[in-house]
Amino acid sequence: MPADPMAGDTPSNQGRWGGPSEPSSNQGRLGGAVSVFRELWHYRDLLRSLVSRDLAVRYRRSALGFVWSLLNPLLMMLVFTIVFQVVKPQSVRNYPLFVLAGLLPWNFLAGAISGATRSVTGNAHLIDKVYFPREILPLSVVIANLVNFLLSLAVFLPLALLLGARWNGWIFALPLVILIEVMIVTGISMMLAALNVFYRDTEQVLEVALTAWFFLTPVFYELELLPNQFLGIDVWRLVYTLNPMATLITDYRYVMLYETPIIRHTLIPFVIGIALLGAGWWAFRRVAPAFAEEV
């Protein structure tokens, strides 16, 4: 009789991080959610190990280490500044800071989603051998990229203040903007990580999608440059409504560079973030039992 492909998920094969078996399907929704978070907390050491491994691999044999988290967007900022300020000037106050404030959160999103999409297929050896909550794999990638993002902000914020950024009480809204982006990134990462297990073309499609998304997001231009009317469509409002990163990057600039209050449109990405996080987590948990057979 052939071996059970899910044998690695049985309690007897839990290995170093042994813990409770899969939660019972007859639990209520609230109880199930509590059980999920309790299980993740039980496996926090594994999550910490995977985050540390991701960071260590990223900076192995690197002379500059985490400085690359800021150096890479600095180089891109230089390119955009030359292209859009010299070749075709834009009337944006302190354009280099303007671009950098958009690149940092965008790089967090792109890096986390790209890495998380490969997180399950790239750890097939773990899935075959030990049981643990499978969502730890994309979560570890998101958290590692979040650490890089926060380190970059720790350098960027004093630099921005030194170069003329204006702060007021809205700077304390920065954690809220980061939290909304984390929810969006985590939800999309969960969906794509699960999808990539069954359809390996997901990675190739993602590269094109991220490129298109980048140019539809006001990273190197002001959102106001988009036309209000094009073929009868209000492009500006459409992008603001359907692209949560357009709002969030604008909010990052509001709180980190200017004395401009946010909230006006922030509710939309907040709702989108909750919806994506819930849908992504639900979809991932639903198909996770089949991962061992597919990878």
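Is it the case that ILE188 is out of contact with any helix residue (DSSP H, G or I) (no Cβ under 7 Å at 6 or more places or on another chain) and modelled with pLDDT of 95 or more? The answer is no for ILE188. For beta carbons closer than 7 Å, sequence separation of 6+ or different chains, a first residue in region 258-283 that is at negative phi and at pLDDT 85 or above and a second that is buried (at least 16 other Cβ atoms within 10 Å of the Cβ) and assigned to a loop (DSSP other than H, G, I, E, B), the qualifying pairs are TRP281/GLU135. Confirm whether VAL219 is modelled with pLDDT of 85 or more and either in a loop (DSSP other than H, G, I, E, B) or touching a strand residue (DSSP E or B) at 6+ places or on another chain (Cβ under 6 Å) (or both). Taking the combined requirement at face value, the residue satisfies it.
A single entry from LEU137, LEU161 fulfils the requirement of being assigned to a helix (DSSP H, G or I), under 27 Å from TRP41 (Cβ atoms) and of a type in the set (A, V, I, L, M, F, W, C): LEU137.
Would you confirm, using the coordinates I've provided, whether VAL177 is more than 10 Å from the chain's Cα centre (by Cα), under 23 Å from TYR95 (Cα atoms), buried (at least 21 other Cβ atoms within 10 Å of the Cβ) and not charged (D, E, K, R)? When the stated conditions are applied, VAL177 passes them. Which one is surrounded by the fewest Cβ atoms within 10 Å (Cβ to Cβ), of the residues in region 101-135 that are of a type in the set (A, V, I, L, M, F, W, C) and at pLDDT below 90? The qualifying residue surrounded by the fewest Cβ atoms within 10 Å (Cβ to Cβ) is ALA124. Against the test of being outside any helix (DSSP H, G or I) and of a type in the set (Phe, Trp, Tyr), the options PHE132, PHE149, PHE214 yield a single qualifying residue, PHE132.
The values are calculated or read from the model by the stated rules, or taken from the named source; none is laboratory data. Note that this is a predicted model, so its numbers are computed, not measured. We place every Cβ from the backbone using ideal geometry, glycine too, and count neighbours over all the protein chains shown.
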